[in-house]
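Engineer: Sending over a structure as structure tokens; questions will come in a sec.
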């Protein structure tokens, strides 16, 4: 891979972020500024940490950035629960985005394991 945009992990994180932005732009979710902004920041953090870590060029640092990206993915999932519990999203949307976030997290985990093997 020559650039972070080639990483499937980053591409999937970008898709998740796009959906989060769309979801948080309408209805009650858009009016809950704290939750909206925190959910968006967490989603952006996933893709940003993947790209930043990749650009560092060192396996040790890339691994650490992937850890942060995975944690941010968990944060997105947690905030989706808040949005669901508050009635901002229905169960179908919750399940779809939660599953997408789980998929991104799994892919990050796989990449992290691969990077970990290279650094040892």
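Engineer: Can you name the number of the only condition in (1) surrounded by 17 or more Cβ atoms within 10 Å (Cβ to Cβ); (2) free of Cβ contacts under 8 Å to residues at least 24 places away in the same chain that residue 99 fails?
Structural biologist: So residue 99 meets the others, but not (1).
Engineer: Also, I was wondering about something else. Does residue 39 qualify as being out of contact with any strand residue (DSSP E or B) (no Cβ under 8 Å at 6 or more places or on another chain) and touching a residue at least 40 places away in the same chain (Cβ under 8 Å)?
Structural biologist: Yes.
Engineer: So how many residues does the stretch 8-30 have that are crowded, with 17+ Cβ neighbours inside 10 Å and over 14 Å from the mean Cα position of the chain (by Cα)?
Structural biologist: Here the count works out to 3.
Engineer: Could you tell me which of the residues 33, 65 is free of Cβ contacts under 8 Å to residues at least 24 places away in the same chain and surrounded by fewer than 18 Cβ atoms within 10 Å (Cβ to Cβ)?
Structural biologist: Unique residue meeting the criteria: 33.
Engineer: Among the numbered conditions (1) under 28 Å from residue 113 (Cα atoms); (2) without any contact (Cβ under 8 Å) to a residue 24 or more places away in the chain; (3) not in a helix (DSSP H, G or I), tell me where residue 1 comes up short.
Structural biologist: (2)
Engineer: For the stretch 85-101, name all the residues that are part of a helix (DSSP H, G or I), touching a helix residue (DSSP H, G or I) at 6+ places or on another chain (Cβ under 7 Å) and within 19 Å of residue 34 (Cα to Cα).
Structural biologist: Passing the criteria: only 94.
The numbers here are math on the coordinates, done by the rules we state, and not lab data. Worth saying up front: this structure is predicted, and the values here are computed from it rather than measured. Methodologically, a virtual Cβ is constructed for each residue, glycine included, from the backbone with ideal geometry; neighbour enumeration extends over all protein chains shown.
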